[in-house]
Amino acid sequence: MPSIQFNAHHSPVGAFASLTLGFPGAKGGLGHELKGPADEPFYVGLEESNREGYYQALPFFEAAEDKSADYDVEGHNAEFSYPNRISHFSWDSISRHFRACTDVWVVGDLKFRIVTPYNAVPDPVAADEVSLKNALCPGVLMEVEVDNSNCSRDRKVFLGYAGSDRFSGVRIIETDGLLGVGQGVSVALATNEPGFRAGVAWQPEMVVNARKPENEPFLIGSTGILWTTVPAGEKRTYRFAAGFFREGTATAGIKTRYYYRRFFDSIEEVLDHTLNRAEALIAEAQAQDSALSKGLSEDRASMHAHAVRSYYGATEMLEREDGTALWVVNEGEYRMMNTLDLTIDQLFFELKMNPWTVRNELDLFVERYAYEDTIQFPGDDTKHPGGLSFSHDMGVSNNFSSPGNSSYEQGGLKGCFSYMTAEQLLNWSICASVYGLRTGDTNWLSAQQETLKACLASMLNRDNPNPAERNGVISLDSSRCFGGAEITTYDSLDVSLGQARNNLYLAVKGWAAYKLVARVFSDLGLTQEAETALSQAKLAEATILAAVEPDGTMPAIIGEGVPARLIPAIEGLVYLDYLGFDLTDSSTLVNALKTHLETVLKKGTCKFEDGGWKLSSTSDNSWLSKIYLCQAIAENILGFSPDSEADGAHVGWLLDPTNAYFAWSDQMLAGKACGSRYYPRGVTSTLWLSE
């Protein structure tokens, strides 16, 4: 049986917030704008049936510390302290039912369910306010069910957490029909069920076993608890909400606030709205559970669910000062904002759920994060005309970077943190083409035609400044590298996938980009540009085919004697297939890529011993999001059968005890999460789903 001891996000859409839960100990909690779990105790517990005043709770906490000695320094008031009376339910007694929008723990007489429906985010330009308010409410619904029907005594049930915010204390929330506990005005738990009590203390026992009811609000404490009594012989279900709220300015560089501030003026309003919509939220979650796992094996359904949750935990829906929306996907533990080489991989999921967010991201890249450069051949200081490209990201940790610059890229480097100029140029061009052609948004494509022309000119220059010497493949570096070398999204991998220049992965991706922009130019009546792009695609195809070795494989770096072999050589196929392109005229290239993959996809080359996919034959560094993408290409385009052994290995990577704390992680070094943790890019798995 797969382990159930793993953290997962339970997040409202666009709030950059997460109730993260599932890993043993105080390793989850209510996190807001964090790079990982909040590391707070979270309590869901029930009084034992045969011992009054003793409790068992889900194992998401450690024994609480009595901090009275910090005040009663000589220990004169020893009777103040409380004995620990809350123990963990054993893991082997717990079952967990994990899906994309519901996560349920069942143990003994207790059931705990978290409900997070992930519906489309309406386009704010066209949507009504009710739809937007419901979609963007920064709350999470929970249910606690207690079956006390076989017990002859009343039993207490409780839910709560210990806050970790250094700037705000834990308080009790009491409004008409709402009772809760929260830290400051930014995070809280609440219920609208009658009969509940609320308390704050250092230990949960100080609330549920309070010597006097008047002692329950001990506001020096950091643990907030909601509790009630379940009558003997009865079965009860209680609903709770977790809420998140940021009052004022949310970001620097570009001044914004959270979009939900249009509809909510306090966290109390968030909690109330979430609870009042409980029935609708449950129905939506159940429908999405089915939609987001249709046709998938158990392993793939669990990985896709995990990835969807991590994506939404990273999302931020903001409002600029002029009232327009700004969509941000934060880069997991790194918190970089709208990283463009993630945008292209999240493209398929966003186009399925809410296509306007793709347009929104692309527009801001043009508006603020485009730049012009010059280019150089390696080892040559001569500068040649370069052209348009885009920054790696838009900033980090809610700080938008200055125009034309990312938070990440640095000059003078040949590896991690260098520039991704060519890759990001291809990424924007592909995303723009796929968005416009998939949605039929010809007005937007027409408005962006000058940008697309500039992208084509820039791609031509980066092939070779001399048209007679072009071969369709990127062969120069941006002068922004100052003698260094451009890299790809595989920034911490060796030269096989790390180097941009003459890279097979980028060569096939560039071939696809040329074919895509050619289609766009043709649709816009720009015949000359379309012909130029198609001519470049043919050059790229010829160059790639000329690199095929006698064994049918292709080198990772064309013409540089690098022995590595790659799986992502096939990546560029996905964009054309996604749009229904007829690839008959490129069947030689497609077949060559199929032969390449068949040859390298074996243990010792591009598979690990556990059967997991290895993106490069010369590196143990692999990204799950890219593996999911390449699996979909292999099956949907190249006719491979699903690799169940690989799926089992990949699930095993995520559930490894050293990885499971980080929820869904992307970058794995021989199956161990080494970076890109708590990450959104795994929604490439949406390509597994039946359309």
Seminar exercise, completed: With the first residue restricted to segment 127-149 and required to be assigned by TED's automatic domain parsing to the domain that holds residue 193 and basic (Lys, Arg), and the second required to be buried (at least 22 other Cβ atoms within 10 Å of the Cβ) and in a helix (DSSP H, G or I), Cβ contacts under 8 Å at 6 or more apart or on different chains are 133/260
Exercise. Can you spot a residue in segment 330-352 that is more than 30 Å from residue 630 (Cβ to Cβ) and of a type outside the set (Gly, Ala, Ser)?
Worked result: no
Problem set entry | Filtered residues of segment 458-474 (kept if surrounded by fewer than 20 Cβ atoms within 10 Å (Cβ to Cβ) and either under 27 Å from residue 617 (Cβ atoms) or among the small types (Gly, Ala, Ser) (or both)) | 468, 471
For this session: Would you confirm whether any residue within segment 653-663 is crowded, with 19+ Cβ neighbours inside 10 Å, touching a Phe, Trp or Tyr at 6+ places or on another chain (Cβ under 9 Å), part of a loop (DSSP other than H, G, I, E, B) and of a type in the set (Phe, Trp, Tyr)?
Result: no
Exercise. Which one is nearest to the chain's Cα centre (by Cα), of the residues in segment 471-519 that are among the charged types (D, E, K, R) and within 24 Å of residue 673 (Cβ to Cβ)?
Worked result: 491
For this session: Identify the residue in segment 493-525 that is under 18 Å from residue 543 (Cα atoms) and charged (D, E, K, R) and, among all such residues, is surrounded by the most Cβ atoms within 10 Å (Cβ to Cβ).
Result: 509
Problem set entry | Residues (surrounded by fewer than 23 Cβ atoms within 10 Å (Cβ to Cβ), in contact (Cβ under 8 Å) with a residue 24 or more places away in the chain and not acidic (Asp, Glu)) located in segment 59-70 | 59, 64, 67, 68
Exercise. Looking only at segment 111-126, which residues are surrounded by fewer than 21 Cβ atoms within 10 Å (Cβ to Cβ), in contact (Cβ under 8 Å) with a residue 12 or more places away in the chain and not polar (S, T, N, Q)?
Worked result: 111, 113, 120, 122, 123, 125
For this session: Determine the pairs where a residue that is assigned by TED's automatic domain parsing to the domain that holds residue 387 and closer than 18 Å to residue 528 by Cα, located within segment 447-468, has a partner that is among the basic types (Lys, Arg) and outside any helix (DSSP H, G or I) with Cβ atoms under 9 Å apart, the partner being 6 or more residues away or on another chain.
Result: 460/470
For this session: Scan segment 546-554 and give yes if some residue there is acidic (Asp, Glu), in a helix (DSSP H, G or I) and surrounded by fewer than 21 Cβ atoms within 10 Å (Cβ to Cβ), otherwise no.
Result: no
Exercise. Being of a type in the set (Ser, Thr, Tyr), outside the structural domain of residue 333 (by TED's automatic domain parsing) and either surrounded by fewer than 21 Cβ atoms within 10 Å (Cβ to Cβ) or closer than 25 Å to residue 659 by Cβ (or both), is that true of even one residue in segment 28-49?
Worked result: yes
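The values are calculated or read from the model by the stated rules, or taken from the named source; none is laboratory data. Since the model is a prediction, treat every value here as computed from it, not as a measurement. Cβ coordinates were reconstructed from backbone atoms using ideal geometry, including for glycine residues, and neighbour counts include every protein chain displayed.
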